[in-house]
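Notes follow once the structure below has been shown.
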Amino acid sequence: MVVQNLVKTFKGDVKAIKDISFEVREGEFFAFLGPNGAGKSTTIQVLTTLLNPTSGSAVVSGFNVQKDPFSIRRKIGVALQETGIDPSLTGRELLHLQARLFGFSKSDAKKRAQELLELINLTDDADRKVGKYSGGMRRRLDLSLCLVHRPKILFLDEPTTGLDPYNRNAIWDEIRTLNRQFGATIFLTTQYLEEADQLADRISIINKGEIVASGTSQQLKKTVGMDVIELTFHQREDAEKAKDVLEPWMKDFRLTNEELTLYVDNGAIFLPEMVRKLDGEGIPPVSLNLAPPTLDDVFLRVTGDHLEEKGNRQEGVVSK
Ligand SMILES: Nc1ncnc2c1ncn2[C@@H]1O[C@H](COP(=O)(O)OP(=O)(O)OP(=O)(O)O)[C@@H](O)[C@H]1O
């Protein structure tokens, strides 16, 4: 997949994608990470030939999205956020129907539906109406529907948004299997840091229509170039006081209720001195952790904002 200087502007001059370029290699697990409205779905819709770009080019599996959309459609599987699934059909019926639409004979369609039901662990519920499925079952079915014709490239638009941790993990397992065992190239969009971190070989972070950072999770975290110290106090007042006391040493901070996160150079060297200072002030922390940077720290550094919302947070860059 090769995307070059892609731009998509909607009516009313809404610039959903502003000149993005990236490549995804065959067999790679690639994640597009970004907050709501960043331009992730728009990018997927262009790559899957559902939307024409305003300018720039995108090539998928060797075919240009505008010149040869039908060749691309035969090669890809797509699970979008909004699907038009008929709730009055059963999971098995939908898979069967999808297989028939892809030209499978009746008996092959039946066989393929059964294989996929087994793959996504839906055999017990295969003959229930989809309208009665839970959110997690529905997402698993969405995933299986895009696999019917054995595509080698999968586009998954926020496949786990809104799911509980159990169902999220189940979907992660399925997607991992498709990538590792079947060698499928995966283009996944997500708002969840952990999802991109756990699954993807490579990540591009998108914000307000622009790619602001790209690389492996490790490479991205290295760009933060600072250590992160996480402190928890008995109460917020203590955390606020600690922030004031430690201000001369830190570069950035984040304060959420009774938790204080500090960004410092050479955390291991600073740590003993910090503990002595806090003790001296009568505000010893309840817990203390020297952590490597997270993708949220990466996002914070490149955009000045957090990717995942946390309530009641106070933060700032210490000006020096
Ligand atoms: N059909 C459309 N017409 C006008 N504006 C649109 C249209 N589709 C998307 N947008 C706008 O383009 C921007 C990017 O939207 P997009 O859906 O691509 O973001 P996203 O990263 O997928 O967000 P989410 O996580 O909420 O799905 C947003 O400002 C959105 O309001």
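Assorted remarks:
- Once the chain from GLN198 to LYS129 is taken as fully extended at 0.36 nm per residue, the excess over their C-alpha distance is 21.5 nm.
- Pairwise Cα inverse-distance average, inverted: Kirkwood Rh of segment 2-221 (Å): 17.9
- Percent of C-alpha pairs per 5 Å bin, segment 148-296, short to long: 2, 8, 15, 15, 13, 12, 11, 10, 7, 4, 2, 1, 0, 0
- Only lysines eight or more places from LYS110 in sequence, or on another chain, were considered; those with a Cα closer than 18 Å are LYS129.
- Remark: spin-label model distance GLU308-ASP265 equals 3.0 nm, labels positioned 7 Å along the Cα→Cβ axis.
- Listed residues ILE206, LEU147, PHE253: farthest to the positive end of the dipole of the chain (Cβ charges): LEU147
- For segment 223-317: accessible area per residue (Å², 1.4 Å): 51
- With contacts taken as Cα pairs under 8 Å at a separation of at least 6 residues, the chain carries a relative contact order of 19 percent.
- Cα pair distances of segment 223-317 binned at 5 Å [whole percent]: 3, 14, 27, 27, 19, 9, 3, 0
- Gain in span if fully extended, GLU118 to THR223, counting 0.36 nm per residue against the direct Cα distance: 33.6 nm
- Dipole magnitude of segment 223-317 about its Cα centre (Cβ charges: Lys, Arg +1; Asp, Glu -1), debye to nearest 20: 100
- What the phi angles of segment 201-215 give under the Karplus curve with 6.51, -1.76 and 1.60, with θ = phi - 60°, is a coupling list of 6, 9, 10, 10, 9, 10, 8, 6, x, 10, 7, 9, 6, 9, x Hz, glycine and proline written as x.
- Over segment 2-221, accessible surface divided per residue gives 48 Å², non-protein components excluded, 1.4 Å probe.
- Antiparallel DSSP beta bridges within the chain, percent to nearest 5: 70
- For the chain, carbon and sulfur atoms together expose 47% of the accessible surface, with a 1.4 angstrom probe and every protein chain in place.
- Full extension of the segment from ILE85 to ARG25, taken as 0.36 nm per residue of separation minus the current Cα-Cα distance, would add 18.5 nm.
- Placing pseudo-labels 7 Å out from each Cα toward the beta carbon at GLU281 and THR9 gives an inter-label distance of 5.0 nm.
The values are calculated or read from the model by the stated rules, or taken from the named source; none is laboratory data. Bear in mind that the values here come from a model prediction, so they are computed numbers and not experimental data. Neighbour counts are summed over all protein chains in view; Cβ atoms, including those assigned to glycine, are modelled from backbone coordinates with ideal geometry. For accessibility, only protein heavy atoms count, side chains too; no ligands or nucleic acids. Shrake-Rupley method; radii C 1.70, N 1.55, O 1.52, S 1.80 Å.
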